[in-house]
Amino acid sequence: MATGTEDAENFVDSIIQVFNREPDTVPLSEVLQNNRRRLVERVADIFARKGIKSSQKVNAARDLLFRSALEEVKIQFQLAHFALFKQTETVQEILEDSFQLELEVEAGQVLLPHNREAAEIMLACLFPKKRELRDTSDVLAFMRMFLGGSKKRSLQEDRATRYKTMVWFVFLLIDLVRIDNENACREGVLHLKAKFLLLLKKAAGGEIICEESETRSSDFEGGRWSESLFGYLQGEERKPFLEDLLSQFNFEDRPHHVNRVLLAEHRRCLYRQTLDRFC
């Protein structure tokens, strides 16, 4: 008969094997393998708990392993993670203007500013610690999107669009807090939400950058936002992309909207997580 430690070892190894089956989730397997001894001990502690159903112990152990992998794996955002609505060229121009980088359409292998913080914010709001990871397919889909080798399995289009929309939301929030740091940190979520909506409205209306003036003093708030991601979303050629992006943000909280990862609860989490990291 297997001991508690043997059961824990078998369980950890089974999850490692699951992650090893696809190139996209091998990085998760590597994280677990590197921390195997510590994780086996923690799983053994879970299995030793009294008064809890076996199924609950298994769920708790699986949750522990998936979260351990998510928290330590390194996510690097690329051009493909921003490319929406088949407007890759427009997206590339916006990102290159905003981040002053040259992106390759095929690879996009550059490190964007605040890459680590953006990944942490997304993970915290997609997979909150207070909620059990009942559907582990969500984790695998997320990893398939942001990790893996060159032969990535494609995601269902709606799901990919949800993740990419959140990427835009997070990087826009980070730019907002970076530029308006004093006000955002002092006033908190309500200010951040109101300012975010205002800047998007200004961008959609072509009001952040005054096209008729050669000086920044005529731009919105004296040019404070002219070289932000919001400013570079402005322009007639970029307006269709921005309008589609705003629709995906689902600020109206339509219950049957295709984007299920940017409902009010997700947006509140993103506001708080951004403030936590930049204030």
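The values are calculated or read from the model by the stated rules, or taken from the named source; none is laboratory data. On a predicted model such as this, the values are computed, not experimentally measured, just so you know. Heads up, the Cβs are rebuilt from the backbone with ideal geometry, glycines too, and the neighbour counts pull from every protein chain shown.
Out of the residues in the range 84-100 that are of a type in the set (A, V, I, L, M, F, W, C) and surrounded by fewer than 20 Cβ atoms within 10 Å (Cβ to Cβ), state the one that is farthest from Leu39 (Cα to Cα).
Phe85
Look at Ser218 and say whether it is under 25 Å from Asp97 (Cα atoms), of a type in the set (S, T, N, Q), at pLDDT below 80 and touching an Asp or Glu at 6+ places or on another chain (Cβ under 8 Å).
yes
(1) surrounded by fewer than 17 Cβ atoms within 10 Å (Cβ to Cβ); (2) within 19 Å of Pro240 (Cα to Cα): which one isn't true of Lys74, the others all being true?
(2)
If I ask for residues that are polar (S, T, N, Q) and either surrounded by 13 or more Cβ atoms within 10 Å (Cβ to Cβ) or in contact with a Phe, Trp or Tyr (Cβ under 8 Å, 6 or more places away or on another chain) (or both), which ones from the range 31-51 would you list?
Gln33, Asn35
Go through the range 1-87 and tell me which helices (runs of 4 or more DSSP H), entirely inside it, have 1 or more residues that are within 23 Å of the chain's Cα centre (by Cα).
Qualifying helices (runs of 4 or more DSSP H): 4-20, 26-34, 54-72.
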